[in-house]
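Peer 1: To start, I am sharing the structure in question, which I have written as structure tokens.
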Amino acid sequence: MQKTHLPERPHWRDHAKEVGFTFADMHGEPYWDESSAYAFTLDQIENDLEDPATELHSMCREAVAEIITSERLMTQLAIPENRRDLVANSWKQGDPEIYGRFDFAYDGKGPAKLLEYNADTPTSLYESAAFQWQWLEDQLAAGVLPEGTDQFNGIHEALVARFDEVFEANSDLHFTAVAGNPEDYGTVEAMGWAAREAGLGAHYCDLDKIGLSEDGQFLDDEDRRIAVLFTLYPWEDLFLDDYADHIDGSGCLFLEPAWKALLSNKGLLPVLWQMFEGHPNLLPAFFEADIADALEGTGSPSAGAAQAFSRAEVDLATGHVRKPILSREGASVSILKAGKILEEAQNTEYSEHPRIVQAYAPLPQFDGFRPVVGAWIVGQSCAGIGIREDRSRITQDLSRFKPHYIQA
């Protein structure tokens, strides 16, 4: 894994405008940045990222089956009591999943380490699936990259195949997101594009324009019944919404399904460690409430966590990360090393949530930036990667998206 400096395409900003990539710059900073790119070997892609991501997703599905049978785990993941049947039933009846994104710490040498699973409403889909592929083709045509250079990116094709697998031809799907957010709309439109290529109808409706019929069905802004709804609106928020009371009786299939709320929750990380302790792609992780006193040296861990904590104590003392079980873009995350705060997010929006403690895996550093590798799962297999980098140790909302390639 290397970071290589390459000439930018002369007219890439014009192309971005043409295809509706309106968030190539955000918050006064570049978001898409092709002044450099990350290079991988085929072995690194296949053996260090693709295969482990596919295996981890299978492990996550095992974790779902475990969590839905445990009131203790449902409580630790803060799933509201009145929504637990909704979550469990969506799993038991086999509600299909479409996509998700693992975030890995990876330096090209040791095993990739799972930082979290964005399993419910992951963004950066369009730039991963489409815009970086166009970058590769353009740079090959310009002779910037040598013939035979490739990219790990079958994301769009995998989405088309997944929609074709799950739905009958000519089925109508609806897609929704919060109005006025270009990044969210870009993600939703990338999904809709794949659905259309799979021969499905794809209709967009702003989230706040979705209504409810007298007989309890969801309706779009043209009063059409919504039978299938892809919503870029996290389940933890939907659980608290009045409309959640109508999901069971609406006959509407939600994408991602309610059981994905268990995987997008960072409480998944200690559950995975409980089930698969020592797996090379996992970091030791615990619910903070189970080990807080032991970590501070003022008491003992809970009985259930005691043995695993004793085995991980040295790693956690060396460095650990405190994360709310619900958090986005690094908000309310803090990194501690040798008992002292090394870095913490200024955004404390999620600080009221329970937290987990995860062993610290430092991100590699290239030119003052630290990359996180996002491994995209479509269906149940890894289909490609996207990379974001940040000057901070905590990847936040000012991170940059970087293209990648596989060396010829």
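Peer 1: Filter the range 79-133 for residues that are farther than 28 Å from Ala16 by Cα and in a helix (DSSP H, G or I) and give the result. Before the answer, list the steps.
Peer 2: So the first thing to find is which residues in the range 79-133 are farther than 28 Å from Ala16 by Cα, and the list is 79-97, 105-117.
Glu81, Asn82, Arg83, Arg84, Asp85, Leu86, Val87, Ala88, Asn89, Ser90, Trp91, Lys92 - these are the residues of the range 79-133 that are farther than 28 Å from Ala16 by Cα and in a helix (DSSP H, G or I).
Peer 1: Taking interchain pairs and intrachain pairs at least six residues apart, which have beta carbon atoms under 6 angstrom, with the first residue in the range 8-21 and under 11 Å from Gln134 (Cβ atoms) and the second open to solvent by less than 90 Å² (accessible area, probe 1.4 Å) and assigned to a loop (DSSP other than H, G, I, E, B)?
Peer 2: Final answer for the pair search is Ala16/Ala24.
Peer 1: So, in the range 31-60, how many residues would count as being open to solvent by less than 40 Å² (accessible area, probe 1.4 Å) and either within 28 Å of Gly143 (Cβ to Cβ) or modelled with pLDDT under 95 (or both)?
Peer 2: 12
Peer 1: Name every residue in the range 101-159 that is among the aliphatic types (A, V, I, L, M) and over 29 Å from Tyr185 (Cα atoms), in order of residue number.
Peer 2: Across the range 101-159, the qualifying residues are Ala112, Leu140, Ala141, Ala142, Val144, Leu145.
Peer 1: Can you name the number of the only condition in (1) open to solvent by 70 Å² or more (accessible area, probe 1.4 Å); (2) free of Cβ contacts under 8 Å to residues at least 12 places away in the same chain that Leu219 fails?
Peer 2: So the condition that Leu219 fails would be (1).
Peer 1: Suppose the filter is touching a strand residue (DSSP E or B) at 6+ places or on another chain (Cβ under 9 Å), closer than 21 Å to Ala258 by Cα and either of a type in the set (A, V, I, L, M, F, W, C) or open to solvent by 60 Å² or more (accessible area, probe 1.4 Å) (or both); does Phe131 pass it?
Peer 2: Judged against the criteria, Phe131 is not a match.
Peer 1: Among the numbered conditions (1) out of contact with any helix residue (DSSP H, G or I) (no Cβ under 7 Å at 6 or more places or on another chain); (2) assigned to a helix (DSSP H, G or I); (3) of a type in the set (A, V, I, L, M), tell me where Val160 comes up short.
Peer 2: Result: Val160 fails condition (1) only.
Peer 1: Before we move on, is Gly297 modelled with pLDDT under 95 and small (Gly, Ala, Ser)?
Peer 2: Yes.
Peer 1: Please specify each residue of the range 382-408 satisfying the condition of being within 14 Å of the chain's Cα centre (by Cα) and assigned to a strand (DSSP E or B).
Peer 2: Those that are within 14 Å of the chain's Cα centre (by Cα) and assigned to a strand (DSSP E or B): Cys382, Ala383, Gly384, Ile385, Gly386, Ile387, Arg388.
Peer 1: If you check Gly148, Gly186, which single one turns out to be open to solvent by 50 Å² or more (accessible area, probe 1.4 Å) and closer than 25 Å to Asp33 by Cα?
Peer 2: Gly148 is the lone residue from the list that is open to solvent by 50 Å² or more (accessible area, probe 1.4 Å) and closer than 25 Å to Asp33 by Cα.
Peer 1: While we're on this one: Quick check on my filter: what residues within the range 190-237 are under 25 Å from Asp164 (Cα atoms), part of a loop (DSSP other than H, G, I, E, B) and aliphatic (A, V, I, L, M)?
Peer 2: Ala198, Leu200, Ile226, Ala227
Peer 1: To continue, here is another question. May I ask you to list the residues in the range 160-183 that are acidic (Asp, Glu) and open to solvent by 50 Å² or more (accessible area, probe 1.4 Å)?
Peer 2: Asp164, Glu165, Glu168, Asp172
The values are calculated or read from the model by the stated rules, or taken from the named source; none is laboratory data. Only a predicted model underlies this, so the values are computations on that prediction, with no experimental measurement involved. As a convention, Cβ positions derive from the backbone with ideal geometry for all residues, glycine included, and neighbour counts pool all protein chains shown. Each accessible area value is taken on the protein alone, full model and side chains, heavy atoms only, with ligands, DNA and RNA left out. Shrake-Rupley method; radii C 1.70, N 1.55, O 1.52, S 1.80 Å.
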